[in-house]
């Protein structure tokens, strides 16, 4: 008998939820027709800003799954000032991420010292063949357009907020 | 058929008509309530929309589900008793179709007018236990066997409160005939005031409560779904079934829910009748031919209300434990029903 108030209350909870869904709409979205707003810092896919990459291999070495493949070579670039020596720069030949192996830990994005890797909230890149989940550097570069701006730091922060290179 | 009809139908014509109508009376409400409550209402309770793609607002989702089940392979387990395994869903379905036989939908719109309608309904409703036991035993699976035995124990335990709850109504109406019970509710008076008739829910509210709880258990709906407890027994006696035979169990479960709701509305809510003050207002007789058309609509409305209660409870509560279930039936519901019968008998004699 002591259970009766709780039993009635339980019925009230489910009924008020019906009323809420009918009047205010559901919490869910009808996925193929509408997409949910991504949460800030959603981990969908990794985007590569190729100009910033120096093929330093930090991401490939820190990757727990060894799913990043990098090949590069050195090139001579014109000097910054007239009369200077030509600079030697690292050029990317290959930058692949195998999303069949990736576990979305985000360590590569964290360790990149040159701001070349970013999280994008896009998730619609499933493939019929698993080999097609290997994204090369042009495919990874295309994701850059979907990378959202960083959230501003909280008020009074000493550090200047980061900007996404476009 | 009533003698007021201008056209006389031959026996075989009425038989075919009744056969078709039996399928309509079982399958249309089952489909309707499954869509309305199982697909939509539970989704709203969980703050989602449910099926939206098949047809407008997903109204043809059930068609898609039936098509899916019909395509699937009908798997027999290697060591199953093939005949019993194959027959079990039909036994359960037959008890559903036999139940609808006695339900009156209007003064003449009934499949059969039995003098012992209540008795027959309660007797054939327990036929499904045999089908469930057959399914559990013939599947040659320990989950199915445990589920079947639990179902048998539960259905037998809750048969008693179901019967005893109805006894109060029968005492008050003075008849086992469902048409007479409806008639008693139309002509009844509450302390000399007859505008509402006397739906037995007013005097037999304890019986109504016990009946609804027992129906919930008879249907093995949550919170009484130990026979198909998916976290313990995979799917109970339905574990080994697939394709069309699983669909038959599915239909039987939800169609039986509707027919018990029909029965409850006949026994407690006045059945196909509308309150006498409405018929007085419209200037029609409570037993006139037009009630054969209005009656089914009234019954459907009451059925939808009662099935709403069934599914509301189903999607609100967690599952009982097996011993709690038995204790609830034997130590609470049955004594309560017996007290109700004693009180009903006392007042019947006193007034």
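Which of A:78, A:40, A:113 ends up with the largest GNM mean-square fluctuation for chain A, with Cα atoms connected below 10 Å?
Of A:78, A:40, A:113, the Gaussian network model singles out A:78 as fluctuating most.
Could you work out the relative contact order of chain A, using alpha carbon pairs under 8 angstrom and six or more residues apart, expressed as a whole percent?
It rounds to 25 percent for chain A.
Quick one: compute the contact order of the stretch B:11-350, relative version, from alpha carbon pairs under 8 angstrom and 6+ residues apart, as a percent.
Relative contact order for the stretch B:11-350 comes out at 23 percent.
In peptide B:47-60, how many Cβ atoms from other protein chains are near each Cβ within 10 Å, on average?
For this peptide, the per-residue mean of nearby foreign Cβ atoms is 2.
So if I average 1/r over every pair of distinct C-alpha atoms in chain B and take the inverse, what Kirkwood radius in Å does that give?
After inverting the mean inverse Cα-Cα distance, the result is 21.3 Å.
Using Cα atoms only, what is the angle between the long axis of helix B:205-218 and the major principal axis of chain B, expressed in degrees (0 to 90) to the nearest 10?
Computed tilt is about 20 degrees.
Under a GNM of chain A (C-alpha, springs under 10 Å), which listed residue has the highest mean-square fluctuation: A:143, A:119, A:66?
Per the Cα network of chain A with a 10 Å cutoff, A:66 tops the list.
Rounding to the nearest 10 and keeping the result within 0 to 90°, find how far the Cα-based axis of helix A:4-24 lies from the longest principal axis of chain A.
Roughly 60 degrees between the two axes.
Could you work out the mean count of beta carbons from other protein chains within 10 Å of each residue's beta carbon in A:6-13?
What the average comes to for A:6-13 is 2.
Over all directions, how big on average is the projection of the convex hull of the alpha-carbon atoms in the stretch A:54-162, in square nanometres?
That works out to 9.7 nm².
Considering the convex hull of the alpha carbon atoms of the stretch A:24-99, report its projected area averaged over all viewing directions, in nm², one decimal.
9.4
Using the Kirkwood formula on the Cα atoms of the stretch A:1-131, what hydrodynamic radius do you get, in angstrom to one decimal?
19.6
Over the alpha-carbon set of the stretch A:11-60, divide Rg by the Kirkwood Rh and report the Rg/Rh ratio to two decimals.
1.35
Tell me, what is the Rg over Rh of the stretch A:112-166, with Rh the Kirkwood radius over Cα pairs?
My calculation puts Rg/Rh at 1.09.
If you average 1/r over every pair of different alpha-carbon atoms in the protein assembly as shown and take one over that average, what Kirkwood value in Å do you get?
28.3
Treat each spin label as a single point 7 Å out from the Cα along the C-beta direction, and report the residue A:159 to residue B:113 distance in nm.
Result: 8.7 nm between the two label points.
Over the stretch B:262-314, what is the relative contact order in whole percent, taking alpha-carbon pairs under 8 Å and six or more residues apart?
Relative contact order of the stretch B:262-314: 46 percent.
If the viscosity is 0.890 mPa s and the temperature 25 °C, what Stokes-Einstein diffusion coefficient in µm²/s follows for the stretch B:209-337 when Rh is the Kirkwood radius over Cα pairs?
Translational D for this selection: 146 µm²/s.
By how many nm would the segment from residue B:36 to residue B:82 grow when fully extended, if each residue of separation counts as 0.36 nm and the alpha-carbon distance is taken off?
That pair, residue B:36 and residue B:82, stretches by 13.0 nm at full extension.
Thinking of the stretch B:134-273 as a set of Cα atoms, what percent of all their pairs are more than 26 Å apart?
37
Could you please state, rounded to a whole Å, how far the C-alpha centre of the stretch B:230-245 is from the C-alpha centre of the stretch B:37-112?
15
Gaussian network model of chain A, Cα springs within a sub-10 Å range: biggest mean-square fluctuation belongs to which of A:91, A:20, A:137?
Comparing A:91, A:20, A:137 in the GNM, the peak value goes to A:20.
Hey, rough spin-label estimate for residue A:33 and residue A:125, points 7 angstrom out along Cα→Cβ, what's it come to in nanometres?
It works out to 2.9 nm between the two label points.
If you fit an axis through the alpha-carbon atoms of helix B:334-350 and take the longest principal axis of the Cα set of chain B, what angle between them do you get, 0 to 90°, nearest 10?
Helix B:334-350 and the main axis of chain B meet at about 10 degrees.
Throughout, read-outs are computed from the coordinates displayed, never taken from laboratory work. Predicted, not measured: the structure shown is a model, and the values here were computed from it. Note that we place each Cβ from the backbone using ideal geometry, even for glycine, and neighbour counts take in every protein chain shown.
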